[in-house]
2 protein chains.
Amino acid sequence: MNKVMFNLKNEKIPRATITRLALYVQQLEALEQKGEKVISSEKLAQECGVNPSQIRKDLAYFGEFGVRGVGYYIYELKEAIKKSLGLDRVWNVVLVGVGNLGRALLRHNVLRKRGFVIVGAFDCDPFKIGEEVAGLEVFCSSTLPDKIQELNAEIGIITTPPERAQRAANYLIKGGIKGIVNFAPTRISAPENIVVEYVDFINHLFSTAFQISLNQSKGLYI
Amino acid sequence: MNKVMFNLKNEKIPRATITRLALYVQQLEALEQKGEKVISSEKLAQECGVNPSQIRKDLAYFGEFGVRGVGYYIYELKEAIKKSLGLDRVWNVVLVGVGNLGRALLRHNVLRKRGFVIVGAFDCDPFKIGEEVAGLEVFCSSTLPDKIQELNAEIGIITTPPERAQRAANYLIKGGIKGIVNFAPTRISAPENIVVEYVDFINHLFSTAFQISLNQSKGLYI
DNA sequence: ATGATAGTGTGAAATTTTTAACAAATACTT
DNA sequence: AAGTATTTGTTAAAAATTTCACACTATCAT
Ligand SMILES: NC(=O)c1ccc[n+]([C@@H]2O[C@H](COP(=O)([O-])OP(=O)(O)OC[C@H]3O[C@@H](n4cnc5c(N)ncnc54)[C@H](O)[C@@H]3O)[C@@H](O)[C@H]2O)c1
Ligand SMILES: NC(=O)c1ccc[n+]([C@@H]2O[C@H](COP(=O)([O-])OP(=O)(O)OC[C@H]3O[C@@H](n4cnc5c(N)ncnc54)[C@H](O)[C@@H]3O)[C@@H](O)[C@H]2O)c1
């Protein structure tokens, strides 16, 4: 289910580590904004709700970023993590499916702040083609293969209905995309060398409902 | 980081199992729509991109739903999973923060199809209060405590900016909410007996970028 | 300097999660 | 009715991940 990832020493890196690194970056940024300069794994762990050793272990995959007896310099750690993940540059992204979710993402400037710039928006609905959303003209999705090259995009986000996700993926693949983030609740097939990630929030609602049911059966709410 | 969950036999249930169960439900529904009646763990595993034993193990936490030598009856398995997770009923949900993402979720009827009905939308922006989105009037978020009771809501979705997430959470908690799904990229504090789930897609983009970088360093795209 | 305190990096231990293997149960065939 | 095919549920083994524990380094106070 999960892709296997390696660092430069060719150690396998748990998928969970990547997820946590993203969390650390966010927390580090928040700390930076508060004017903090240094933080210990203990404190950062508290902020993130994880175990301190976990943080040190996660970081150890990529190098030594801390100072013993002191902690981590916040700015430097944040940059080090980003560099380790290949986020020390801009990634051009195209988005396919300018519906409710697609629009939300297009207007979401946190992506840009993180180095992901949406450079093209595509849809197949003639009513949507030509429209302008968040400063981008919506193009016909059949032009994707050419546009991907032209825009120099490496990542494609799919926000079409599930039954159209494979078609959208095919266009992206044809255009030479390197990675796909699929928000439609369906699996897609792609050549081995193309990275495919699935985003699905429904499981968080499932999980919440389940845990509430458990709490309820324990009489936690009476 | 992850909540510990138990089944009725008081076995600990991996968080990953819950995520996969959500995936199975989705695939089973897709199969049902194709008119299929029965499926083996082998086939379902293929569809979901997981190991067949994994599926059988995941299901074993909750009971015996298959028939040896035959497989699983699709409709029955789907219902059994949903029942196991407490999804055999409707969950009333309120949403706080009617911005880009909040609107997308309000208009997203897949939630309703899965038994999560958004019964109230709240914002603090006077320009948004009174507006109608997806058939719901937007209310002032300070009225949340009362409205939660009135609407009989058990789950709250937070889609405010991160710096407002705690405030939104406080309103929800005051109203006696049982679970919170937080889309804002920040941790929130809540009493022990309130379930809190964090949704964060940025990690999927991080992960995609990282994997592409790795592939690139392996010369996979030349 | 010296000692006390704080806090990283890491190998080993503990725990969790996944995968494999197979006995038990069903259906189908002759 | 016996034999063969399948395919589950479950136990055991393997693999992966998390946590612990502590040597080692830096800083600060005296
Ligand atoms: N809205 C949400 O909050 C939300 C949440 C989670 C997941 N999702 C998933 O995201 C996807 C989009 O959801 P939505 O609510 O935005 O749906 P939507 O119907 O509002 O938008 C889908 C868009 O995709 C376009 N489209 C369809 N086929 C296409 C194709 N082949 N090429 C290009 N564009 C195409 C449609 O014209 C439409 O504009 C769905 O798969 C949904 O399940 C949505
Ligand atoms: N837009 C996306 O695609 C996207 C994706 C991932 C995560 N997020 C996260 O989701 C959250 C919302 O994103 P958005 O793009 O919709 O932002 P947005 O600014 O469009 O919407 C935020 C809404 O919250 C309201 N709000 C602010 N404080 C509030 C309070 N105390 N009570 C009630 N309402 C309040 C605002 O009035 C506004 O309507 C952010 O935290 C963002 O990081 C958004």
Quiz item: Relative to the longest principal Cα axis of chain A, at what angle does helix A:162-174 sit, 0 to 90 degrees, rounded to 10?
Solution: 90
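If I take R0 = 35 Å and measure r between the Cβ atoms of A:Glu163 and B:Arg56 in this structure, what FRET efficiency does the formula 1/(1 + (r/R0)^6) give, to the nearest 0.05? Intermediate values should be presented prior to the final figure.
Details: r = 29 Å, r/R0 = 0.83.
FRET efficiency, A:Glu163 to B:Arg56: 0.75.
Using Cβ counts within 10 Å as a stand-in for footprinting exposure, how do A:Val133, A:Val117, A:Val181 rank, fewest first?
On the way: A:Val133 17, A:Val117 13, A:Val181 23.
So the residues, fewest neighbours to most, are A:Val117, A:Val133, A:Val181.
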Practice problem: Shortest first and in nm with one decimal, please list how far the A:Lys174 label point sits from its counterparts in the other copies (point 7 Å along Cα→Cβ). | Solution: 5.5
Exercise. Determine one quarter of the surface area of the Cα convex hull of region B:136-215, which equals its mean projected area, and express it in nm² to one decimal.
Key: 6.7
Self-check item: Chain A Cβ-axis minimum, rotational copy B, residue and distance in Å
Solution: A:Ala104, 2
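Set the Förster distance to 51 Å, then compute FRET efficiency between A:Val67 and A:Gln216 from the Cβ-Cβ distance, nearest 0.05. Walk me through the numbers on the way to the answer.
Working: r = 48 Å, r/R0 = 0.94.
My answer for the efficiency is 0.60.
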Self-check item: Relative contact order (%) - region B:91-202, alpha-carbon pairs under 8 angstrom, separation at least six
Solution: 24
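I need B:Glu42, B:Glu192, B:Glu79 ordered by Cβ neighbour count within 10 Å, fewest first. Please list the in-between numbers first.
Working: B:Glu42 11, B:Glu192 7, B:Glu79 16.
Result, fewest neighbours first: B:Glu192, B:Glu42, B:Glu79.
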Exercise. Place the label 7 angstrom along Cα→C-beta at A:Arg15 and in each other copy, then list the distances from the first to the rest in nm, shortest first.
Key: 1.3
Quiz item: Which value in deg cm²/dmol, rounded to the nearest 500, describes the helix-derived mean residue ellipticity at 222 nm for the protein assembly as shown, given -39,500 (n - 2.57) per DSSP H run of n ≥ 4 and division by the residue count?
Solution: -13000 deg cm²/dmol
Self-check item: Rounded to whole Hz, the Karplus (6.51, -1.76, 1.60) HN-Hα couplings of region B:101-116, x for glycine and proline
Solution: 6, x, 4, 4, 5, 4, 8, 8, 8, 5, 4, 4, 4, 8, x, 10
Quiz item: For region B:71-114, taking Cα atoms only, what is the radius of gyration to one decimal and the Dmax to the nearest whole Å?
Solution: 14.4, 45
Quiz item: With contacts defined as alpha carbon pairs under 8 Å and 6 or more residues apart, what's the relative contact order of chain B in percent?
Solution: 12
Quiz item: Cα extents of region A:91-202 along the three principal axes, largest first, in whole Å?
Solution: 34, 32, 28
Self-check item: Shortest-first distances to equivalent copies, position A:Ser189, nm, label 7 Å out along Cβ
Solution: 5.2
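Between Rg and the Kirkwood Rh of the protein assembly as shown, both from Cα atoms, what is the Rg to Rh ratio?
Result for the protein assembly as shown is an Rg/Rh of 0.95.
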Quiz item: Between B:Asp125 and A:Glu150, what is the label-to-label distance in nm when each label sits 7 Å out along the Cα-to-Cβ direction?
Solution: 3.3
Quiz prompt | Cβ-Cβ FRET estimate between B:Lys12 and A:Ser142, R0 fixed at 51 Å, reported to 0.05 | solution = 0.55
Practice problem: Express the Stokes-Einstein translational diffusion coefficient of region B:5-83 in µm² s⁻¹, to the nearest whole number, given a Kirkwood radius over alpha-carbon pairs, 4 °C and a viscosity of 1.567 mPa s. | Solution: 103
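Starting from the Cα gyration tensor of chain A, multiply each eigenvalue by 5, take the square root, and state the resulting semi-axes largest first in whole Å.
Equivalent-ellipsoid dimensions as semi-axes: 34, 24, 18 Å.
Direction-averaged shadow area of the convex hull around the Cα atoms of region B:121-180, nm²?
Numbers: hull surface 15.6 nm².
The Cα convex hull of region B:121-180, projected and averaged over all directions, gives 3.9 nm².
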Quiz item: When the Cα centres of region A:36-57 and region A:121-149 are compared, how far apart do they sit, in Å?
Solution: 43
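Values quoted throughout were computed directly from the atomic coordinates according to the rules given, and no laboratory measurement underlies them. Here the structure is a predicted model, which means the values were calculated and not measured. Cβ atoms come from the backbone with ideal geometry, glycine included; neighbour counts cover every protein chain shown.
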